[in-house]
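The values are calculated or read from the model by the stated rules, or taken from the named source; none is laboratory data. Model, not experiment: these values are computed from the prediction. Please note: Cβ atoms are built from the backbone with ideal geometry, for glycine as well, and neighbour counts cover all protein chains shown. All accessible areas refer to the heavy atoms of the entire protein, side chains included, with ligands and DNA or RNA removed. Shrake-Rupley method; radii C 1.70, N 1.55, O 1.52, S 1.80 Å.
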There are 2 protein chains.
Amino acid sequence: MEGAEQKRIKQSDINRITVKDIAIEAGVSVSTVSRALANDPVIAKETRERITMKAKEMGYRPNFFARGLIRQRSGVVALFVNNITNPFYPEVLVKLSRRLQKMKLHTMIFTSDDGVEDSVPALQEINPDVAILLAATMKADYLQEFNDSNTPIILFNRYVAGARASAICCDNIGGGQLVAERLAESGRRHLAFIEGLATASTNADRLTGYLEGIDASGLPDPVIHSGGDFSYETGYDGMQALFARDQRIDAVFCANDIIAVGASDCIRRELGLRIPEDIAIVGFDDIALASWPSHDLTTVRQPMDDMIECVITEILRFQQNRSAVPKQYFMPGELIIRGSAKLASGRVNE
Amino acid sequence: MEGAEQKRIKQSDINRITVKDIAIEAGVSVSTVSRALANDPVIAKETRERITMKAKEMGYRPNFFARGLIRQRSGVVALFVNNITNPFYPEVLVKLSRRLQKMKLHTMIFTSDDGVEDSVPALQEINPDVAILLAATMKADYLQEFNDSNTPIILFNRYVAGARASAICCDNIGGGQLVAERLAESGRRHLAFIEGLATASTNADRLTGYLEGIDASGLPDPVIHSGGDFSYETGYDGMQALFARDQRIDAVFCANDIIAVGASDCIRRELGLRIPEDIAIVGFDDIALASWPSHDLTTVRQPMDDMIECVITEILRFQQNRSAVPKQYFMPGELIIRGSAKLASGRVNE
DNA sequence: CTGAAAGCGCTTACAG
DNA sequence: CTGAAAGCGCTTACAG
């Protein structure tokens, strides 16, 4: 066997470098190594630098488990996800975990269909710095179980009244209002709404804002298709049901973009009508496909990056004080006008 | 303050239950508690049951960090993700992490734009049981760095020749062949291909199979649009470029579904042509939107569930033996025929 | 400025 | 069948 080959084999089988190895190598105690690597100014600058160099040379990496055991902070963020059919969530997930990675935090994913019962034990085992619920459809009841685990909670894109949890949301009420105003201004008269999951705060707030905006504009009450979920099928079937109830409908606001795409497809394929000439369609989220020519969907863009920064702020707050008082944030969305809701009756838009 | 309120406050401030607490409560040593909870048959059945009950009563949860420190296995799976614009990946991510959760494994997410340099240190800190690369676009060079960290690697939907890593892929070559055969059978004569990322094995293999199938069918060589990525824009622009080069093209196979949707939109909006009457379109993946009426996309469905099970098999293998020899799996995809590639020239399909 | 010692919460030889 | 002891790799009072 050749030298190089042998060396490589050895390297990968060798045990990880520990503070002890560095201590021996640098001729100091492990305490000094630990302090030097933490950049503790109590250690002589010269010693600190020498140890830091050595550690780097030797390829030292602190052991995650030893560190987690001794420190109070685990350095873990638990991210709960259940509904990932809406592409909005994967995007948040990736951006958020990238951001956390930069802060030297580790992201652990937990999923659950029916609830989070099996996840709460995991929380207790790991004791994360904070748990983030990235799942609009999660039942509120489980929040209590989370609270029992004594982990700070951040709800993303969801708000639960009275819960001991921070919440970071788009201003869904404001967004619904923007949509109503826009539709009223552009000459639509017979508005409708297709619900997603009725129990989700996003759904309820978007509808609330929409109703307020409609009311303020002096338009008649909208026709509401209720009792769905945030799916393409809800949009498709909901649109069909709405049209059967009232053929005068000339604008439909959908609880999110996926629903809006379903409704659009129904309008074109099933009802044989045109968008926006016959019916205007508006969604919510501004996911990637909303801007594709085949959908060209008017929608309310969620301020995703701001929302993520806000999550970071909350995490820092909870790291400083585990039982900091939870806060709620409602960040304004932006109406993005595309072809699906241009002005009615041939008038020029903008 | 009322009793109930006070109790709750106490509960959440109380320190976690440890083996020591159980030992005291049960009147045995911590060793016995540890063994009993591990269901070690050396402990008397009666003792074991009593301790297990007590632990349950007291709401004991083993400390993840203490356990990780003492055991050889971390119980962590590191999941690397970088490109999540293709909805195929989020779906895999959620299904996979759900599956891992059932196996009492924890999923940690790592992301990286430019590569994985910053992630390798994390691997060394955490020492996961296995690292899964769920990112078709990751550069091959980084695999070496991964290997240096001595963590077993599983490539999902990607294959790197000669790498010390298991790979679990759809049989992309076979899939490409299926597409070519189908298009030939249905009377298409002037085939084309739109590439995704040229360096991705998925892209290369799908093209290879396509070329083989075309060759076997005796059709002329296809026109290839090369040098893109797996994006909607690549499809849209690629289609435009293809049509400019050769107006006789009557079928386009795209490296994935997202590209296919981009190409479709270009055909309808930009070129003013019909699908499938003028041009047939075929994608790859069978993501959710492929079945939506507005796309109605013929595609090759990846055997996602089988692929995930295969990942589990590999994990178990690596858990038993960290340096088990890596294996490659190529699992057959299924051609899903939808409206975008029905028979040409008005002939009835099937 | 540095070191010896204790301890985080587990598991596992080693005795008995 | 059970317990005392050592140790995983760190951090951090407490001495000096």
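Condition first: within 16 Å of DNA strand D (Cβ to nearest atom) and open to solvent by less than 20 Å² (accessible area, probe 1.4 Å). Now tell me which residues in the range B:72-95 satisfy that. Answer for the range B:72-95, where residues must be within 16 Å of DNA strand D (Cβ to nearest atom) and open to solvent by less than 20 Å² (accessible area, probe 1.4 Å): B:Ser74, B:Gly75, B:Val76. The residues of the range B:53-83 that are within 7 Å of chain A (Cβ to nearest Cβ) and closer than 28 Å to B:Ala290 by Cα amount to a single one, B:Val81.
Looking across the range A:17-32, not a single residue is within 8 Å of DNA strand C (Cβ to nearest atom) and either within 14 Å of another protein chain (Cβ to nearest Cβ) or under 25 Å from A:Leu105 (Cβ atoms) (or both). Looking for something surrounded by 12 or more Cβ atoms within 10 Å (Cβ to Cβ) and not in a helix (DSSP H, G or I) - is there at least one such residue anywhere in the range A:43-52? Yes, there is a match, as at least one residue in the range A:43-52 is surrounded by 12 or more Cβ atoms within 10 Å (Cβ to Cβ) and not in a helix (DSSP H, G or I). Being within 16 Å of DNA strand C (Cβ to nearest atom) and surrounded by 20 or more Cβ atoms within 10 Å (Cβ to Cβ): is that true of A:Ala55 here? It is true that A:Ala55 is within 16 Å of DNA strand C (Cβ to nearest atom) and surrounded by 20 or more Cβ atoms within 10 Å (Cβ to Cβ). In the range A:60-72, the residues that are closer than 10 Å to B:Phe65 by Cα reach residues that are in a loop (DSSP other than H, G, I, E, B) and near DNA strand C (Cβ under 9 Å from one of its atoms) with C-beta atoms within less than 8 angstrom, at least six apart or across chains, in these pairs: A:Leu69/B:Asn63. State yes or no: is A:Arg274 touching a Ser or Thr at 6+ places or on another chain (Cβ under 8 Å), over 30 Å from A:Leu105 (Cα atoms) and surrounded by fewer than 18 Cβ atoms within 10 Å (Cβ to Cβ)? Taking the combined requirement at face value, the residue does not satisfy it. Within the range A:84-98, the residues that satisfy the criterion of being within 9 Å of another protein chain (Cβ to nearest Cβ) and not aliphatic (A, V, I, L, M) are A:Thr85, A:Pro87, A:Tyr89, A:Pro90, A:Glu91, A:Lys95, A:Ser97, A:Arg98. Scanning the range B:264-277 for any residue that is within 12 Å of chain A (Cβ to nearest Cβ) and within 28 Å of the chain's Cα centre (by Cα) turns up at least one such residue. One residue stands out among those in the range B:42-58 that are under 18 Å from B:Thr18 (Cα atoms) and basic (Lys, Arg): the one that is farthest from DNA strand D (Cβ to nearest atom), which is B:Lys56. Against the test of being touching a Cys at 6+ places or on another chain (Cβ under 6 Å) and open to solvent by 20 Å² or more (accessible area, probe 1.4 Å), the options A:Gln177, A:Gln240 yield a single qualifying residue, A:Gln240. Remark: pairs (first residue in the range B:5-29, assigned to a helix (DSSP H, G or I) and hydroxyl-bearing (Ser, Thr, Tyr); second residue open to solvent by 50 Å² or more (accessible area, probe 1.4 Å) and at pLDDT below 90; Cβ separation under 9 Å; 6+ apart in sequence or on different chains) = B:Ser12/A:Asp148; B:Ser12/A:Asn150; B:Ser12/A:Ser323. If only residues of the range B:59-71 that are open to solvent by less than 50 Å² (accessible area, probe 1.4 Å) and either closer than 10 Å to B:Ile22 by Cα or not in a helix (DSSP H, G or I) (or both) are counted, the one that is farthest from DNA strand D (Cβ to nearest atom) is B:Gly59.
The residue pairs whose first member lies in the range A:320-333 and is in a loop (DSSP other than H, G, I, E, B), whose second member is open to solvent by 60 Å² or more (accessible area, probe 1.4 Å) and at pLDDT 95 or above, and whose beta carbons are closer than 6 Å, counting only pairs six or more residues apart or on different chains, are A:Gly333/A:Arg301. When the residues of the range B:111-121 are filtered to those that are open to solvent by 10 Å² or more (accessible area, probe 1.4 Å) and within 9 Å of chain A (Cβ to nearest Cβ), the one that is modelled with the lowest pLDDT is B:Asp113. The set of residues in the range B:192-202 being at pLDDT below 95 and open to solvent by less than 20 Å² (accessible area, probe 1.4 Å) consists of B:Gly196, B:Ala200, B:Ser201, B:Thr202. Candidates B:Phe253, B:Phe243: the one that is closer than 18 Å to B:Arg189 by Cα and assigned to a strand (DSSP E or B) is B:Phe253. Among the numbered conditions (1) more than 14 Å from every other protein chain (Cβ to nearest Cβ); (2) in a loop (DSSP other than H, G, I, E, B); (3) surrounded by 22 or more Cβ atoms within 10 Å (Cβ to Cβ), the only one that A:His295 does not meet is (1).
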